[in-house]
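> To start, I am sharing the structure in question, which I have written as structure tokens.
Derivation of every value follows stated rules applied to the coordinates shown; laboratory data play no part. Since the structure is predicted, the reported quantities are computational estimates derived from the model, not experimental observations. When we count neighbours, we look across all protein chains shown, and the Cβ atoms used for this are built from the backbone with ideal geometry, even at glycine.
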Amino acid sequence: MKKQDDNIKEESVEPKDNSASEVDVWKNNYLRALADYKNLERRSYEEKEEIRVFAAEIILSKLLPIVDSFSKAKEHIKDTGLDLAFKQLSVLMAELGVSKIDVLGKQFNPHEMECIEVVAGNENEVVSEVLPGYRFKDKVLRVAQVNVGKGIEKQTN
């Protein structure tokens, strides 16, 4: 009986050829699963970020008419409280990444501007701004509505 026990011990101590390759297979499967999980986390984070930016874009575009109303009220009503409120709104919009598109005196750009009227002035140059345009990060939220010069010099009386 002693011989049988020795044989059993010898067999269990010796590593099998299949066990090393089996460990490699399990290790590779684990590494693939880990990589897949990390990719899923990254994609999930990117999708959430896109949704946040899209939601912010919608909200900010709905706030633009309010900014316009404050701006027009500020022009007609000289009140320090109104000036302060408009300044706070402007600072908030800037902090959120909204910037006004500068158009006066520049060449007409159909990607950022909408021509409302053609008037006397330098050819293809913005003469006046009817409604300001805004950009959120690098995307145009609202195009500026402008009057564009036709190439006829203004006549002075």
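> Are any of the pairs Lys62/Lys137; Lys62/Lys87; Lys62/Lys150; Lys78/Lys139; Lys74/Lys137; Lys74/Lys106 more than 28 Å apart by Cα-Cα distance, and if so, which?
Long pairs (Cα-Cα over 28 Å): Lys62/Lys150; Lys78/Lys139.
> Cα convex hull of the chain: how many Å³ per residue?
Per-residue hull volume (Cα only) is 190 Å³.
> Pull up the DSSP beta bridges for the chain and report the antiparallel fraction as a percent, rounded to 5.
Within the chain, antiparallel bridges account for around 65 percent of the total.
> If I build a Gaussian network model for the chain, linking alpha-carbon pairs within less than 10 angstrom, which residue out of Asn122, Asn18, Asn147 has the largest mean-square fluctuation?
Asn18
> Treat the count of other C-beta atoms within 10 Å as a stand-in for reagent exposure and order Met113, Met93 from fewest to most.
Ranking Met113, Met93 by Cβ neighbours within 10 Å, fewest first, gives Met93, Met113.
> If you look at just the Cα atoms of the range 39-112, how large are its Rg and its Dmax in Å?
Rg then Dmax for the range 39-112, in Å: 17.1, 56.
> Using all C-alpha to C-alpha distances in the range 104-147, build P(r) with 5 Å bins and read off the rounded percent in each one.
The calculated distribution, bin by bin, is 6, 26, 33, 20, 10, 4, 1.
> With springs connecting C-alpha atoms under 10 Å apart, model the chain as a Gaussian network and identify which of Ser61, Ser44, Ser99 has the largest mean-square fluctuation.
Highest fluctuation among the options: Ser44.
> May I pose another question? Give the order of Lys100, Lys27 when sorted by the count of other beta carbons within 10 angstrom, beginning with the fewest.
Fewest-to-most ranking of Lys100, Lys27: Lys27, Lys100.
> Mind checking which of Arg142, Arg42, Arg52 has the largest fluctuation in a GNM of the chain, springs on alpha carbons under 10 Å?
Per the Cα network of the chain with a 10 Å cutoff, Arg42 tops the list.
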